[in-house]
1. Residues in region E:54-61: is at least one within 14 Å of chain F (Cβ to nearest Cβ) and under 18 Å from the mean Cα position of the chain (by Cα)?
2. Which of the residues spanning region D:22-35 are over 12 Å from the mean Cα position of the chain (by Cα) and at the interface with another protein chain (Cβ under 7 Å from one of its Cβ atoms)?
3. Every residue in region C:10-25 that is touching a residue at least 60 places away in the same chain (Cβ under 8 Å) and more than 17 Å from residue A:129 (Cβ to Cβ), please.
4. With respect to residue B:202, determine if the residue is in contact with a helix residue (DSSP H, G or I) (Cβ under 7 Å, 6 or more places away or on another chain) and more than 30 Å from residue A:178 (Cα to Cα).
5. Which members of region F:218-233 meet the condition of being in a helix (DSSP H, G or I) and either touching a helix residue (DSSP H, G or I) at 6+ places or on another chain (Cβ under 8 Å) or surrounded by fewer than 17 Cβ atoms within 10 Å (Cβ to Cβ) (or both)?
6. Is there a residue in region B:78-85 that is more than 28 Å from residue A:29 (Cα to Cα), in a loop (DSSP other than H, G, I, E, B) and out of contact with any helix residue (DSSP H, G or I) (no Cβ under 8 Å at 6 or more places or on another chain)?
7. Among the residues of region D:12-21 satisfying the criterion of being in contact with a helix residue (DSSP H, G or I) (Cβ under 9 Å, 6 or more places away or on another chain) and either facing chain E (nearest Cβ under 10 Å) or surrounded by fewer than 21 Cβ atoms within 10 Å (Cβ to Cβ) (or both), which is nearest to residue E:141 (Cα to Cα)?
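The values are calculated or read from the model by the stated rules, or taken from the named source; none is laboratory data. A quick note: this is a predicted structure, and the numbers were derived from the prediction, not measured. Note that we place each Cβ from the backbone using ideal geometry, even for glycine, and neighbour counts take in every protein chain shown.
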């Protein structure tokens, strides 16, 4: 597996999920945005890391008494202790937020272990406490009922669906205050580069728009002048650093 | 078309969307509330303006490469430059928030052009930035993927549906921290007048309730005394101005 | 009917809804969480009280002109004046948030009357004002249109469904910043006791996790040492009070 | 309560649910169609009868072991034995078809007791057998799991919602191969008369259309000639009887 | 606009909607299937024709009394008389089947006028009668309530969305017993040709599979032998005609 | 793994899915019914077999060109050739019926290979043809678009969710004209026995009800007499064989 390079990780913290979806769209990838998940702590900063996945299936009552968590091999608990530092745990909860995907204690443990973030297309319990932790966490909506009510953890680090997006172990997951996107591993470097460029240009456009310029010719840059202006803007930005 | 009068616009900024829906209900209009749209910036103040509409249909892939935005006649870009100052842009996104209806640059441009607000029954991208702009914006939920992923802009300023409400160009759109309502043009003046009166009465009721008065006889005012009390309350309010 | 004991009420204000759902799960009760309702004022503190219910059915237009509220026997208005102080009003709105279950004036009246909170599986209108009241209120999402648009109040204090949970009059309702749970009356005391114990243990676990301890053996407490450590932690907490 | 007159019952068996919804619409009643319920036995003929209602709430597990049906006072079983001959049983299943509202044995008993039909906005189990019974039955979709899995019968013959329509005990329920409509008791006679007239006219229109006539002027009858033609058509129909 | 050629029309009646979606998929078009519409009369044969569209928006009560149909310019009625023979009427009902998109009289008129079929992403009323007409009709589910309850016809022959698919006037609409697909005009000829070829090959595959052959190497035809076998099969089919 | 015994298989073909869900309910298993799947060929007889599963995740466009089916290791194609005779293939399509889970050629191949049936919580394409095959098939609704549009086959014979039910490889799957239920392997024998008994009793009850007997005391059998009558009924049935 390609490893996420430090330089790429750094670049990805400076761009938005929206910009990355556009770069993906240009490559024919239209379903990499994890639909309908929201940050519990939007000020936690951008989340970047390789996907480490956990798969749930519907819980069968006889297999899911409260006692199962005593087993160190239980996939949910094992995943919490095995998710690599720097990775993002992504949980396939079948978009079901009627019982919890995880709670604040497990997420605190992930945080302490250096995990970069956690995403479920279901819900977390203890959400007010999670919102105070210094680890980005994304879910659909709060879900107090205990995990075993509806979910049985079954697999670790297999390809999953999350919020209608495909997630392969090792894919690069990026989350910001708006949402979460999944970058195929082999594209992560070039997407990061392209997104950095797009972000610079859009910062320029934003400045121009705030000074009253029309979007025609500017965005996209169909006017000759626009690219020249951008170059000048960029140079002046560099200088003022 | 009736034009929205300045006096009516002013009155509408002082009443709530909830109060306006009651006034509409009394006239047999039950579906003028745009369902399930939420303000990105609830502190932006009340939004009032005539509807300028934009209609999307599902995107056909061959007609919607990223290059289409280079065309100045593209309806989305054209709408951004043509929406009249003081109007509210209302977008029919078929209640689909899986891709963006618009993003922060276009909305910043609307703001600079003096547009009064923007509403979609889909989602916006760059939502954290939009939340900081001084223009009211309403959507269902954040949607990072680029517009062309799912939407093709097809028509400007035709009657549309938005959040299950009918919206005709020129209808008066009012939004507050709770939601958005559509006032038929020919009723805007009388609805504004009635809502101002209702608001005064409800302010009085609220004061009474906070002092411990029962709602029986008070709300609605079936007790003789209530209207007399209201008159007195109003007079004292006037005086204290 | 069992009455909610003061000591139980007090204990319940110190535990979370999530913890209570686990205690219910251990007793085979999996559907006591009111799904998809959210606090308008998450800082209002924990809500505890016995359920006083209000049942709505779909509104038939001829039976629901605006004038019905003039009737003191109208179930909605009657419920507002009759809900006992210390109780929680729970409304069955059939999970329909397209028109309001109630608004700020009625909820202010409940607050003044000493009611402990209000829950609907529909929506409230005047939600920005409700958010400022010192009474916990939970709904699905804001709903400006007046109640009569879609709801007809039909029954007071009968068993209902709310957010897919069964609610019997007198059940103990607990709400926190995350959501709302329904405790069967006869279990309230023992659930409160158990939840207090669980909370103490989870506070200990959280402290340990924040100091870097693994969850294996700790949560659940399968290691001998864990319970000893917990006893020590507890003793030191007691001392430091 | 008004009783359903035999003559009205007879008339209602000759008209369609669609025609009745139009007659209701003219009186401002827009929500009397039970949404999304389908006949299991579309050839069973038109169902007409006064509503006898049964209300379910979500099942609490401890109150709903399989043994509850041994109790003759259990509302579901009681309803089956008490629903009057000629009436239609209407069940409020909260639009939840994940467990059964009833099964073939209970519905066979209703049939034998002379009940006119049964409607749920949930699902029936044993649906292939029900489809063979000579009693009209309507549901959303088949639902094998036993009733107690999700439903607790709580009330008999109270006002309910069914498929988003309000249903009051004694309302006249009419079902055909397309769906089910709820007629307010006090309007049943006049709706029946009007629908019979409308049906005659629409039969005429249909004949004309099948002979190639345009709908302009014909439907609605804005051409003078249309009403004359209708009178002639009707006279000839009478004669040929 | 390209006209649908007779030869293409003929070819399209011999292939399935499923096969056409595959041919579209190969060209990058993934959303041309009209989701969740079903034939009322699956034995009516394959429907082929150019799209003639009708657009509905949510009904505003004051604009939609029953009397509007008296107006010959009312878009719904006008569309019925103007839809060209051989065309397919496609209605954008915003996927709302709670009130009718049309009823049996209008559809009978379309049939008599030689229209090739009708599709709505809402519902039809009088569905049992429509099922007996010799014109293919597709909808989501039966909907008795009269059209004006929820829909206002607003536009004729503009681009629309129907069941999440984009439909442009003149697109070629094909429906079979399974569903409906939208072919972009400029691709209709080549899609028809390709689908005829694919159908021949799949008929061959089906014959082979029914004789016990494995799909490996056969479907797709990765074995050399498969294409040779297919050629032989085809030749023998030709001969036996 | 326990193997499904021939005697158990035989018994299961004589009982209904509804009866089995009741037997499961008595054991605390409430979620074993596969929700919202329907037989394409309800006359195909009861389906019984051990689960052989196939798991789909959302399709990533670059990994799912039409050419992937050329690979004999592609999990979907491999599953078709490897599913054991007598087994039931169960597909986790994430309840997404917007593209096909499989089509008629693959299902014909399963039939020829002696597979007992196929279930998806998505949709099948070529559904009219599948309906004519002599193999039970269950889906949510027809779905013409080719599989790769939305689904990527990823795993064979792992635990999955299907229609909100947990399915483990080797579980015993039973389907009738109403729906499909999942029996845990270790319970299959006893559930079959119990269901056979229940079916006999319910056949007796049905006979009694059709002769006019009340359900009180009869169903459930709380009257002494009922069990005696049942014994007599059973004896006479045996004799008449």
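1. no
2. If the condition is that a residue be over 12 Å from the mean Cα position of the chain (by Cα) and at the interface with another protein chain (Cβ under 7 Å from one of its Cβ atoms), then D:22, D:25, D:26, D:28, D:29, D:30, D:31 are the ones that fit.
3. C:11, C:12, C:23, C:24, listed by residue number.
4. yes
5. Once the filter is applied, which keeps residues that are in a helix (DSSP H, G or I) and either touching a helix residue (DSSP H, G or I) at 6+ places or on another chain (Cβ under 8 Å) or surrounded by fewer than 17 Cβ atoms within 10 Å (Cβ to Cβ) (or both), region F:218-233 yields F:224, F:225, F:227, F:228, F:229, F:230, F:231, F:232, F:233.
6. Yes, region B:78-85 has at least one match.
7. This residue is D:18.
Table: residues versus (1) assigned to a helix (DSSP H, G or I); (2) crowded, with 20+ Cβ neighbours inside 10 Å; (3) in contact (Cβ under 8 Å) with a residue 12 or more places away in the chain.
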| residue | (1), (2), (3) |
| --- | --- |
| C:148 | yes, yes, yes |
| C:153 | no, yes, yes |
| C:216 | no, no, no |
| C:235 | yes, no, no |
